[in-house]
Amino acid sequence: MYNFLNLCYPNVCGICEKISNEYICNKCRLKIKQYTKSIINEFDNAKYFNTHAYMFAYDGIIRMKIIKYKFLNSPYLYKFFSNIILNDLKLVDYIRSFDVIIPVPIHKKRKKKRGYNQSELIAKEIAKRLEVQLQLNVLYKNVNNSPQSTLNQEQRKYNAKGVYILKNEKLIKNKNILIFDDIYTTGNTVNECSKIIRNAQVNNVGVLTLAKD
């Protein structure tokens, strides 16, 4: 899927989607300025992860583009999202402080229906460009639960529990792990993933998302 996308889709601006030599044209760069945050938050003992970094506020045109990328058969938008992260020096330094990047997995039934894991496509590009190890053989989703986006805040607390499993934990033992997901709302999904990953005796767990709601 990843190599196929590189061959079949021309370079377009991720916002207006007109043919462009850049991942975003100058006009659209101004459009998204109000949503661009590039923030890194630190946590003490409230979460199973230590830090959370994100690029955007989940609002306006960014929200529309993430929904299109995730649900409306638009895998080519991974180029826009990955490039905009990779051109932010603050986030690049953050990513390089980790040994391994792990995208939040989706259930095999959902991946078959959608055709791709939106977080995996971006994580692959980031890992390749920054020479950080990508690991797809450690964290698995074994329960096809309801999408978090369809639930209220109270329901989301319990929806992610017990749906992820750990395999091949020796591959990440004693390493610094970065979990990548598209949206951070309550943090329950990445927190549950972090909890499972910590069973592998890792050093540090951080989270990177495209946006925070």
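Listed here are the pairs 70/111; 113/175; 27/111; 33/112; which of them are more than 23 Å apart at the Cα? Display every interim value, and only then the final one.
Values: 70/111 11 Å; 113/175 33 Å; 27/111 34 Å; 33/112 35 Å.
Too far apart for the 23 Å limit: 113/175; 27/111; 33/112.
On full extension of the chain, what length is gained from residue 176 through residue 87, given 0.36 nm per residue of separation minus the C-alpha to C-alpha distance?
Details: separation 89, 0.36 × 89 = 32.04 nm, distance 2.24 nm.
Taking 0.36 nm per residue and subtracting the Cα distance, the gain is 29.8 nm.
Karplus couplings for the stretch 92-98 from phi (6.51 cos²θ - 1.76 cosθ + 1.60, θ = phi - 60°), rounded to Hz, Gly and Pro as x?
4, 4, 4, 4, 5, 7, 10
I need the peptides 159-171, 123-135 ranked by packing, meaning the mean over residues of other C-beta atoms within 10 angstrom, with the highest value on top. Could the numbers behind the result be given before it?
Values: 159-171: 15.1, 123-135: 17.6.
Most protected by this proxy first, the peptides run 123-135, 159-171.
At 0.36 nm per residue, minus the direct Cα-Cα distance, what do residue 130 and residue 107 gain on full extension? Give it in nm, one decimal, please. Don't skip to the end; give the middle numbers.
Values: separation 23, 0.36 × 23 = 8.28 nm, distance 2.72 nm.
Full extension from residue 130 to residue 107 adds 5.6 nm.
Rounded to the nearest 500, what is the chain's calculated 222 nm mean residue ellipticity when only DSSP H runs of at least 4 contribute -39500 (n - 2.57) each, over all residues? Provide the component values of the computation, followed by the final result.
Numbers: 9 runs with 79 residues, N = 213.
About -10500 deg cm²/dmol.
Provide 181, 213 in ascending order of the number of other Cβ atoms located within 10 Å of each residue's Cβ, fewest first.
Lowest to highest Cβ neighbour count: 213, 181.
Amide H neighbours of residue 12 under 5 Å, counting only residues 5+ apart in sequence or on other chains, H built in-plane at 1.01 Å?
When sequence neighbours closer than 5 places are left aside, the close amide H contacts are 20.
Which three extents, in angstrom, do the Cα atoms of the stretch 35-212 have along their principal axes, listed largest first?
39, 36, 29
Coordinate-derived values only; no laboratory data. Remember, it's a predicted structure, so these values are computed and weren't measured experimentally. No Cβ is skipped: glycine too gets one built from the backbone with ideal geometry, and neighbour counts run over all protein chains shown.
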